[in-house]
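Engineer: The structure that follows is given in the form of structure tokens.
What follows is calculated from the coordinates using simple rules that are stated; it is not laboratory data. From a predicted model like this one, the values you see are computed outputs, not experimental measurements. Cβ atoms come from the backbone with ideal geometry, glycine included; neighbour counts cover every protein chain shown.
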Amino acid sequence: MRVLLVDDEVELVSALAERLSLRGIEADWASTCDDALTKVESKSFDIAVLDVKMPKISGLELKRRLQAKCPLMKFIFVTGHGSEDNFREALRDAGPAYYLVKPLHIETLIHKMNEALKE
Amino acid sequence: MSWKGDIIGETGLQFYGKTAASLSHEIKNALAIMNEKAGLLEDFAAMSEGGAPIDPGRLKSLAGKIVEQIRRADGIVGTMNRVAHSVDESVKDVDLREIVEFVATLSRRLASMRGVTLEPRRGDSPVTITTNPFFLQNLISLCLDFAMRAPCGGKSIGLVAEDMENGARVRFTGIEGLAEVPAGTFPGEREKILLEALGAQLTVDTEAAELVLTLPRDID
């Protein structure tokens with residue numbers, strides 16, 4: 001499994017990538033939309049874990065742009081929203097996607113990624 | 001309750017709700033970072049139990065990052081507390097520079113989401129007025145909202161609090177695209193109600209690309 005993590009909080013996304021790597025999962029990270037789009041040009045990823053709210057571009061819009069380049073990529077959204085209902089409403093038009101609320105439980109994230117890849 | 005009272009109350013609640021949501025979102029991010037750093041510490045401990053060597057420098061660095069985020073979250077809680085207490089007194093002496101800096105702090109994340117940098121410029125002398133702090137914060141926030149949404153909005157918005165002969169003013173500078181905003185759009189109903197409550201005036205200067213909020217020395 002090759003994972004691309006995207007979040008504007010560098011300390012968060014780099015630590016999460018390291019933790020996934022320690023578990024044998026190939027993980028790379030980006031803190032901006034441009035960086036994420038550049039990464040997928042040179043490397044292929046099975047799944048992207050995207051923060052919903054980032055500077056200048058939403059996770060939803062980033063998903064659209066990544067999907068245009070990588071049609072088979074799966075997606076998981078992560079949010080700091082207070083409630084799941086509010087989050088689900090915000091992502092109503094996201095299409096097939098999973099979501100998790102911060103702070104993450106890493107085993108739950110891995111489980112969701114495996115589920116997403118089975119689809 | 002009069003119709004006008006409803007508008008000002010609703011506007012205040014919207015400001016309070018938006019501020020609380022933004023600050024709580026930031027706290028979530030700080031907690032999420034602490035969660036991952038603590039998780040790495042757990043992972044290294046587990047590896048050590050399996051015989052892998054531990055790098056003390058790495059542990060120290062992780063602990064330091066956690067402390068950083070604790071300080072960040074504590075700062076955010078302090079900000080939330082300050083917002084909460086801004087309704088304690090309906091009329092109070094304030095330093096307009098501090099109010100402007102505070103609202104810029106509250107709006108920074110939203111500005112960042114829109115690719116805009118807020119630059120409060122602090123003069124050397126206090127700019128003291130007697131006003132309703134919560135209404136004023138609310139109005140400055142609405143002005144910033146408008147400035148950030150202006151078409152072809154500038155990447156950097158300056159905020160300047162200045163003393164004047166009979167009062168004070170806040171200039172919101174660097175708002176490109178003001179000329180493209182349809183006349184009469186801003187200030188809208190909410191802003192007008194707050195302007196009336198504060199005894200203030202708002203002018204849109206399309207040539208200078210700035211908004212000017214003029215306030216009386218004493219609201220009473």
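Engineer: Taking region B:127-145 as the search range and keeping residues that are under 20 Å from B:Gly188 (Cα atoms) and among the aliphatic types (A, V, I, L, M), which one is farthest from the other protein chains (Cβ to nearest Cβ)?
Structural biologist: The extreme case among them is B:Leu136.
Engineer: On to the next question. Please give the number of the condition B:Thr185 fails out of (1) among the polar types (S, T, N, Q); (2) touching a residue at least 40 places away in the same chain (Cβ under 8 Å); (3) closer than 26 Å to B:Gly115 by Cα.
Structural biologist: (2) is the only condition that B:Thr185 fails.
Engineer: If we keep just the residues of region B:73-126 that are away from chain A (no Cβ under 14 Å) and basic (Lys, Arg), which is surrounded by the most Cβ atoms within 10 Å (Cβ to Cβ)?
Structural biologist: Taking the candidates together, the pick is B:Arg97.
Engineer: Can you find even one residue in region B:171-194 that is of a type in the set (A, V, I, L, M), within 26 Å of B:Gly17 (Cα to Cα) and part of a strand (DSSP E or B)?
Structural biologist: Checked against the condition, which is being of a type in the set (A, V, I, L, M), within 26 Å of B:Gly17 (Cα to Cα) and part of a strand (DSSP E or B), region B:171-194 yields no hits at all.
Engineer: Moving on to the next point. Exactly one of (1) in a helix (DSSP H, G or I); (2) away from chain A (no Cβ under 13 Å) is unmet by B:Leu41. Its number?
Structural biologist: It is condition (2) that B:Leu41 fails.
Engineer: Looking at region A:9-24 only, could you name the residues that are surrounded by 18 or more Cβ atoms within 10 Å (Cβ to Cβ), in contact with a helix residue (DSSP H, G or I) (Cβ under 8 Å, 6 or more places away or on another chain) and not small (Gly, Ala, Ser)?
Structural biologist: Passing the criteria: A:Glu9, A:Glu11, A:Leu12, A:Leu16, A:Arg19, A:Leu20.
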